[in-house]
1. Count, please, the residues in the range 69-114 that happen to be among the hydrophobic types (A, V, I, L, M, F, W, C), farther than 20 Å from Thr303 by Cβ and touching a Ser or Thr at 6+ places or on another chain (Cβ under 7 Å).
2. Among the residues of the range 271-314, how many are more than 17 Å from Met126 (Cβ to Cβ) and open to solvent by 10 Å² or more (accessible area, probe 1.4 Å)?
3. Return only the number of the condition from (1) under 19 Å from Leu62 (Cβ atoms); (2) at pLDDT 95 or above; (3) not in a helix (DSSP H, G or I) that Val132 does not satisfy.
4. Just to be sure I understand, how many residues within the range 214-224 are open to solvent by 30 Å² or more (accessible area, probe 1.4 Å) and closer than 25 Å to Arg98 by Cβ?
5. From the list Ala187, Ala159, exactly one residue is part of a helix (DSSP H, G or I) and either crowded, with 22+ Cβ neighbours inside 10 Å or on the phi > 0 side of the Ramachandran plot (or both). Which is it?
6. Would a scan of the range 246-253 turn up a residue that is within 30 Å of Ser295 (Cβ to Cβ), of a type in the set (A, V, I, L, M, F, W, C) and open to solvent by 10 Å² or more (accessible area, probe 1.4 Å)?
7. Are any residues in the range 195-213 open to solvent by less than 70 Å² (accessible area, probe 1.4 Å), part of a helix (DSSP H, G or I) and aliphatic (A, V, I, L, M), and if so, which ones?
Amino acid sequence: MRNSGLMLMLSLLLGSWVGANEARMSYDYYKASCPNAEEIVRRELVGIFLVDATAPAAFLRLLFHDCQVQGCDASILLDAYGSRTESEMKSYRNFAIRKREAVEQIKSALEAVCPGQVSCADILAMAARESVSFSGGPRIGIPLGRKDSRTCSYQRADAYLPSPSISVDSFLQTFNSKGMSLEESVAILGAHTLGVGHCLNIVKRLYDPSPADRMDYTFQAQLRLSCPTTVPLENLTFVSNDITPVVFDNQYFVGLLMGRGLFQIDASLASDPRTQPIVRNFAADQSYFYRAFSSAFVKLSSTNVLGSASGEVRRQCSHAN
């Protein structure tokens, strides 16, 4: 995303979304109100990354799960309080979500320098962006200016967060609704190159597979060693998404072509005639994948953002003001 022409194109594309979503975002949003905001976020994150190599995957997943529900509004960070709201973390779809407390740590560092200026929603977007870059992926320029929601809904999380067994049709509809092309929709799932999957989400595929599921036999045997029972022995048992789980690269797509996709949707992308050519292109050309992912990331992180009229800048990420 260092190419100025691509940045300009993304800025123009965002114009229509920003107007529709009410927020006025820009690439230099904090230039006057908190000029060191991005550097503060980056500094805090480096400390977290150096202690925990799995943190980038956690931050990336946190953004995805936030944006899928009410939009990119930091609703996933709200805790339950009184009778007014129940945390989205109550949703079974948010199983094993991590690093919410780390976002609060970053927020505290920003509040010490620029009180009341930087939203938790923007922190989530910046943390995910930095996670990609720190792990070896592209450096993505994103507009800022999101505001935080005052509400959350675990029922909406149950309804809108996609299952690992989602069909290709439903998957494409989900990301098309965010303005993504077919290529961008496949690229955004390349985020699976970071992190792990849990046995809870793959045992049905392992022990009751569909006849059309063409998993590599060696890979299947390896997974069954890690997940030896149809009911996981413990919920936190996990396996890597690809052979480089802490590096953001195109190995995810290389693995798909070898029948080594972890989730059902992963395997389906490699066999569906609409998406298979794109998987092959991304597996063959990492730079091509990075360009498509960067464009998709900007669109995802700009989904249904709030402006000042309907949102706020929370003083604490876990509670509305």
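The values are calculated or read from the model by the stated rules, or taken from the named source; none is laboratory data. Because the structure is a prediction, the values reported are computed rather than measured. Positions of Cβ are generated from backbone atoms using ideal geometry, with glycine treated the same way; all protein chains shown enter the neighbour counts. When the accessible area is computed, the model is the full protein with side chains, heavy atoms only, and any ligands, DNA or RNA have been set aside. Shrake-Rupley method; radii C 1.70, N 1.55, O 1.52, S 1.80 Å.
1. Residues in the range 69-114 being among the hydrophobic types (A, V, I, L, M, F, W, C), farther than 20 Å from Thr303 by Cβ and touching a Ser or Thr at 6+ places or on another chain (Cβ under 7 Å): 2 in total.
2. Number of matching residues: 23.
3. (3)
4. So the answer is 1.
5. Exactly one residue qualifies, and that residue is Ala187.
6. yes
7. Across the range 195-213, the qualifying residues are Val203, Leu206.
Every residue, every condition in (1) of a type in the set (Phe, Trp, Tyr); (2) over 30 Å from Ser310 (Cα atoms); (3) modelled with pLDDT of 90 or more; (4) out of contact with any Ser or Thr (no Cβ under 6 Å at 6 or more places or on another chain), yes or no:
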| site | (1), (2), (3), (4) |
| --- | --- |
| Tyr160 | yes, no, yes, yes |
| Pro164 | no, yes, no, yes |
| Phe171 | yes, no, yes, yes |
| Met180 | no, no, yes, yes |
| Thr230 | no, yes, no, yes |
